[in-house]
Every structure is written in structure tokens, then in C-alpha cells.
Amino acid sequence: MKPAKEGYRVAVVGASSLLGKELVSVLEQGKFPVSRLLTFEPDEEEPELPIIDLSQISATTIEDGEINEGELDFAFICGRVRQLPEFLKTWQQQGSAARCLVIDMVGEGLGAGAASVGEMTQADDLVAIPFLDRQFPVPGVRSAAGRIHVSPHPAVIVISSLLLRLAARFPLKTAVAQVFTAASESGSRGVEELQRQTVNILSFQKVPDKIFGAQLAFNLLSRLGRSASGELTGVEARVRRQLHDYLGERVPRPALRVIQAPVFHSVGVSMYVETAEPVTTEAATAALAGERVKVRPRNLDAPTHVEAAGSSDVLADSISHDAEHPNGLWLWAVTDNLHLAATNAVELAASLGEQARA
């Protein structure tokens, strides 16, 4: 694949979602050359919006059928696809002959809309974290036409970063991870409901619970209420599946639990790791440092969800021992869930572009 002189031709499916907006913002920073940027809104619950060519000085409307799969280099999926754009239908029909590379950022492939036009399954997907792949190469072909390339959930990136770097220095026996996810995991409606819950509680008014099915403000939820429209169990299944696909047998895959936290943005991971032999906290903490992971010294305050906002770094606290288990280590790390996801997806596209040109 060779980009046009001005850059790649890119489509963003679900650009009005929080994740889509963050992706467009990262693309507009200019580190990934884009000559044409198209947006498409597939969510039937959102107002119908036209496809917009953002490369024009004044935005122009383009009919879906006017976009040809062969005229695009990359398509980012940032929202659930209930009705496939025409260019993605053509992409599936083309199979290995397809020119456009599809990057899935929501872990659902082409969703329900794919059933009528192809047999693409999650088993065909390729999960990638470029900054980790450079340090810990994944066996096998990482680029293939007609395949979906997955930029995984940010919790997968955090957990994989910590486990792979620890395992490179010390043999690991077991791991347990708790993921504290943000309201933004449920999109703008989740953020709005948490805000309204907070305001209504402080003013002694009824608490809305359409998204979470229960009071989330000033609370933690191990699962959403029965009336919730969000899907916390779906997030846990996605993280578990992507950890399995990405880590393979390279490290012990962690026992996992996802908790809905009363925060608007950022994801936190509390992880317990047991090593085969005793390890000093200083040596374990030093093993984490590297690209994208910033380790906080013990003489400073621990990193928080708020502090992580707006950064693509993983902020890790210094490691501590478990008081009852000599080989047990506790880790805490946070990152901006939206910004890290968008940054990883763009880096994945850049990596695929380089592989295609090689």
C-alpha cells in the first residue's frame, strides 16, 4: 500500500461517538498523514447524518454508494455497525482481494450487519498493540487483506503491558486483574446519565438509571441493573477474549473482573501477580518502565483516573508486596480509555501501512 502524495484515504464509521471523536482528534494532529477523511454514522439510535468529506475546506455531502472500497486505504470502526455502509459490503465481498484495511476499535467486527454479506468471524481477527509488538513480537502474519485488524480495549493494553514486561524479567505463576471502567464506556449517554445522577442526588431528586440500571454516582457496580441498556458483561467478555487472543501462552492469562466505577473517563486496573520466586519491589517496578508506561515513584502520590485524562500513557504506581504472600505483588495503573484506544488504532494503521509498503 502506498499512500497518496498528501496521505492516506480514511473512513471513520461512528465518528460522532466519543471514541470516534477522539480518533478524529488524534488523526487531525497530523502524525498520521491523511489526505481524505470520511465519516459515517451506523447507529440507528443516532440521528441520520450524511457522510462528510472532512478534507474539503467546506464540508460536502457524499452519497454512501459513491464511495468505493478501492478508493480507501483504511476504515476505522468506532461504533456498532447495524447497517453496513456500501463500501464495507464491497470489502467483505472482495475478501483477500480487498484493498482497504479495516481496524475494529469496539471489538464487534462488522456486527449484525455482516451476517448477510459474509462469514467474517472474530476468529479471523488480528489483535495488535504496536508499541508492545515492537518489544515482544507476536508470531505469525500481522497484516492481511480481507481480515479485520483489532485495536483492543484499553484495559487489554494496560494488562498486557504490565504482564509482558514483568514476565520478561521474572517467571510468573498466576495473575488476577480487576478493571474499573468509566461511564464513557457506555458512550455520551453514559456520561450524561452519571452527570445527571450526581446532580440529582445532591438536590434530592429522582435518579435516572436507563443506562446503568442502578445508581452509579457515589457507588460501584459489579454488574448493571436489570433495566440497564449498557453492557458491562459484554465489556468483560471482550477484554477476556482479546487477552486470550493477544497474550496466547506467553504469560499466565489473568482471572478477570470488570467493575463499573463512578468516573466519567479513564480506566483503572488493580492487578495481583504471583511470581515463581521472591522479587524485590524495586526490581519489579523497574521492569515495568518503558515505552508508553510511566512508573510513579513511591515518594509521590499514586496516579488517578483524573490525572490520566488526555494522555496516551499508562500511569503505573510503584509495585508493593502482599503482606501474606511473599511472592505476591500488587500493581495499580490508569490510562485515558478513549485517548489510548484512539492512539493505538492510529499507530496500528501506521504499522500496517509500513508493512504493506515493505
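The values are calculated or read from the model by the stated rules, or taken from the named source; none is laboratory data. On a predicted model such as this, the values are computed, not experimentally measured, just so you know. Note that each Cβ is placed from the backbone with ideal geometry, even for glycine, and that neighbours are counted across all protein chains shown. Accessible surface areas use protein heavy atoms only, side chains included; no ligands, DNA or RNA. Shrake-Rupley method; radii C 1.70, N 1.55, O 1.52, S 1.80 Å.
List of remarks:
- Proximal charge balance of Pro278 [Cβ under 13 Å; K/R count +1, D/E count -1]: -3
- Residues in segment 307-350 reached by a label modelled at Thr174 [backbone nitrogen below 13 Å; 7 Å Cα→Cβ]: 325-329
- In plain terms, the chain from Ala255 to Arg226 could stretch by 8.0 nm, reckoned as 0.36 nm per residue minus the Cα-Cα distance.
- The translational diffusion coefficient of segment 138-297, from Stokes-Einstein at 10 °C and 1.306 mPa s with a Kirkwood hydrodynamic radius over alpha carbon pairs, comes to 90 µm²/s.
- In segment 175-228, the trypsin sites (Lys or Arg not before Pro) that fall in loop regions by DSSP, at most 16 other Cβ within 10 Å: Lys206, Lys210, Arg223, Arg226
- When the charge dipole of segment 260-306 is built from unit charges on Cβ atoms (+1 for Lys and Arg, -1 for Asp and Glu) and taken about the Cα centre, the candidate among Ala289, Met271, Thr304 whose Cα reaches farthest toward its positive end is Thr304.
- A Cβ-based charge dipole, computed about the Cα centre of segment 208-354 with Lys and Arg at +1 and Asp and Glu at -1, lands at about 540 debye.
- Accessible area per residue for segment 169-254, computed on protein heavy atoms with a 1.4 Å probe, is 55 Å².
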